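Here's the structure, in structure tokens; my notes come after.
The values are calculated or read from the model by the stated rules, or taken from the named source; none is laboratory data. Treat the numbers as computed from the prediction; the structure is a model and nothing was measured. Glycine gets a Cβ as well: all are built from the backbone with ideal geometry, and neighbour counts include every protein chain shown. The accessibility values were calculated without ligands, DNA or RNA, using every heavy atom of the protein model including side chains. Shrake-Rupley method; radii C 1.70, N 1.55, O 1.52, S 1.80 Å.
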Amino acid sequence: MDSEHSEPRLQRRTWGSAVLRALVLLLGFACMVGFAVALAKVTLVPSAASVDLTHTNLTPGDSIRTYVDQPAFRDTVKQIGGNLLLGMPFGVLLPVLIPKARGLLRVVLVTAVVMLLVETAQGLLITGRAFDIDDVILNTTGALLGYLLLGRRLGRALHPRRTHWWQRTARQTPTTKPAAGSSAKSSAKPAAEPRAKSPAKPAAKPRAKSPAKPAAKSAAKAKAPARKAPAKKSAAKSPAKPGAKSPTRASRWWSAVRTGRRSAPQRP
């Protein structure tokens, strides 16, 4: 809020300020159009009655001395004052309508170029008109006065201040001054001796790469199923259990008889 109030009223980001700014710009544009029409009528209209009175002037100051030496002071004011008033709208309207044309030197340069073109057209194309360098000087001086009196204030009220080239360079390369104590201490210390550089280590020898195995063998090994080791047969029989009784003769006989009976074929 504080930053908005610190800005000029016409530069605030509000609807009222935007509308008021647009109205001021439209008024300035209408004034510039009216001034252009008036300038064309004053400077570019032929005047057959003044053919014998006009002459080309390329020496600065000759016409101004002629104006001053006139017997009637009214004629002097009319000639000099009219040329000054003719250039003042440039100094007032240029900063309002063209923000890049703000600045004392820019206003003077634009006014001088325009008036040079007008005077050249007068001398080459218009009957009863002549090129006069003093008119260009007086018109440019009028634009300078208009800028200092009103154009500068209107330009700052409508448009934000522009940053000059020296301000931009100062922002890009900031300079920091050291303190007085620190500079004295740094000057008292002797310069450090350069350290001896350690000899460069020899580059490690590249290790020899093992030859790559053929892809076919590695693929075959990967696809082959793992073989199971055959189980070893235990040749040794399990030992007899302790405490078992050895068979007697009667039991052997009886067992033989029983087996003989089972194995003997049956009679028909």
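Summed over region 39-49, residues that are among the hydrophobic types (A, V, I, L, M, F, W, C) and either over 17 Å from Leu116 (Cα atoms) or loosely packed, with under 11 Cβ neighbours inside 10 Å (or both) total 2.
Looking across Ala18, Ala22, Ala101, Ala72, one residue alone is free of Cβ contacts under 8 Å to residues at least 24 places away in the same chain and under 21 Å from Leu144 (Cα atoms). It is Ala101.
Being open to solvent by 70 Å² or more (accessible area, probe 1.4 Å) and of a type in the set (Phe, Trp, Tyr): is that true of Phe73 here? When the stated conditions are applied, Phe73 passes them.
Looking across region 21-71 at every residue that is farther than 30 Å from Leu158 by Cα and basic (Lys, Arg), the one that is farthest from the chain's Cα centre (by Cα) is identified as Arg65. Which condition number does Lys41 fail, the rest of (1) in contact (Cβ under 8 Å) with a residue 24 or more places away in the chain; (2) within 18 Å of Asp135 (Cβ to Cβ); (3) in a helix (DSSP H, G or I) being met? Lys41 satisfies all of (1) in contact (Cβ under 8 Å) with a residue 24 or more places away in the chain; (2) within 18 Å of Asp135 (Cβ to Cβ); (3) in a helix (DSSP H, G or I) except (1).
Tell me yes or no: at least one residue of region 72-83 is touching a helix residue (DSSP H, G or I) at 6+ places or on another chain (Cβ under 8 Å) and not in a helix (DSSP H, G or I). Within region 72-83, none of the residues are touching a helix residue (DSSP H, G or I) at 6+ places or on another chain (Cβ under 8 Å) and not in a helix (DSSP H, G or I).
Could you grab me the full set of residues in region 115-127 that are surrounded by fewer than 19 Cβ atoms within 10 Å (Cβ to Cβ) and assigned to a helix (DSSP H, G or I)? Answer for region 115-127, where residues must be surrounded by fewer than 19 Cβ atoms within 10 Å (Cβ to Cβ) and assigned to a helix (DSSP H, G or I): Leu116, Leu117, Thr120, Ala121, Gly123, Leu124, Leu125.
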